[in-house]
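Asker: Pasting a structure here, questions to come.
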Amino acid sequence: MKIVKSIDELRTYLGEAKNEGKTIGLVPTMGYLHEGHASLIKSARKDNDIVVVSIFVNPTQFGENEDLDSYPRDLEADSKICEKIGADFIFAPEASEMYKNAKTFVDIEDLSNNLCGTKRPGHFRGVCTVCTKLFNITGADRAYFGQKDAQQVAIIKKVVKDLNIPIEIIPCPIVREEDGLAMSSRNAYLTDEQRIAARCLSRAIFKGEELAKNGASVKEVLSTMEEIISSEKHAKIDYISAVDLETMEDVDNFDGDRLVAIAVFVGKSRLLDNFILRG
């Protein structure tokens, strides 16, 4: 396995692979890898000849007063995980390598006007830009994303479609801790007490999904989920919403493909979780 920090160097390696007819799988990450990331890398390993894991804490997707500087980083530990699973390359560029006096950015309308797009202005502009760059740099055939960031998955699918980027986007299931908490690099911020409190997210998700599958209304599902989370003193709700899975617009019924998504602050950690209900 090679760790590459230069765009030109990575392109040289991957260009040779492409010329040999090999397929490339890309796993875009911000590092501090956990079992959720590992599941993406394993899927990429199964599907492709070459696997590239990008590790880049992308500054353009962080807003003012967010956790760019404090975001956890551990390239040495990440490298061990990637090597153990069988990744071929880690692409770990500096911000100066990715954004050399950049004046061009990729943005999206409508799909970013709700959920995290509303709560974190400019976030998806940064996500769309860095993913488009990674797709262009690697020439990957497939890219793997976790369904925990369901709005991100929907947005990246739309970007790829609208910009005619020849890559397949593969969503992968949420990976959870034994007690149900969705795995996230930001879980590292939690104190022991907050870690226990964070279980309220998965409790709300599991109960909401159960109710929705048994015919409860959107209002009943969201109200019950809100009660569960609000009963935890360390939790502060950022949003609880039911939206159309494709358009990300709010819905008042479960008559189509729906995403029920939550964002909750536990301490300084902003944690996400969701479930998808197919109509």
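Asker: Ordered by packing density, taken as the mean number of other Cβ atoms within 10 Å over each peptide's residues, highest first, how do 204-214, 95-105 rank?
Answerer: The densest-packed peptide leads the list: 204-214, 95-105.
Asker: Okay, moving on. Let a ≥ b ≥ c be the square roots of the eigenvalues of the Cα gyration tensor of region 146-251; is it rounded (a/c under 1.5), or, if not, prolate (a/b larger than b/c) or oblate?
Answerer: oblate
Asker: Starting from the amide H of Ile3, placed 1.01 Å from N in the peptide plane, find each other amide H under 5 Å away whose residue is 5 or more places distant or on another chain.
Answerer: Those lying under 5 Å, H to H, from Ile3 are Ile90.
Asker: Contour minus end-to-end for Glu210 and Arg176, with contour as 0.36 nm per residue of separation and end-to-end as the Cα-Cα distance?
Answerer: So the chain would gain 10.5 nm between Glu210 and Arg176.
Asker: Next up: Where does the charge balance sit around Ala216 when Lys and Arg score +1, Asp and Glu -1, over other residues with C-beta under 14 Å from its C-beta?
Answerer: Local net charge: -3.
Asker: How far apart, in nanometres, would the label points at Glu168 and Asp47 be if each is projected 7 angstrom from Cα along the Cα-to-Cβ direction?
Answerer: 0.6
Asker: Right, next: Taking the Cα-to-Cβ direction at Phe105 and at Leu68 and moving 7 Å from each Cα, how far apart do the two end points lie in nm?
Answerer: Modelled inter-label distance: 1.0 nm.
Asker: While we're looking at this one, here's another question. Taking 30 Å as the cut-off for C-alpha to C-alpha distance, list the pairs among Lys46/Lys100; Lys213/Lys268; Lys42/Lys133; Lys100/Lys236 that go past it.
Answerer: Beyond 30 Å: Lys46/Lys100; Lys213/Lys268; Lys100/Lys236.
Asker: Another question about this same structure. Within a 10 angstrom radius of the beta carbon, how do Thr60, Thr138 rank from fewest other beta carbons to most?
Answerer: Thr60, Thr138
Asker: Tell me the label-point distance for the pair Ala95, Lys233, using the 7 Å Cα-to-Cβ offset, in nm and rounded to one decimal.
Answerer: A separation of 3.8 nm, rounded to one decimal place.
Asker: Mean residue ellipticity at 222 nm from the helices of the chain, using -39,500 (n - 2.57) per DSSP H segment of n ≥ 4 over the full residue count, to the nearest 500 deg cm²/dmol?
Answerer: After summing the helix terms and dividing by the residues of the chain, the value is -11500 deg cm²/dmol.
Bear in mind that the values in this text are calculations on the coordinates, not laboratory data. These numbers were taken from a predicted model, which means no experiment stands behind them. Because the Cβ atoms are built from the backbone with ideal geometry, glycine has one as well, and the counts that use them run over all protein chains shown.
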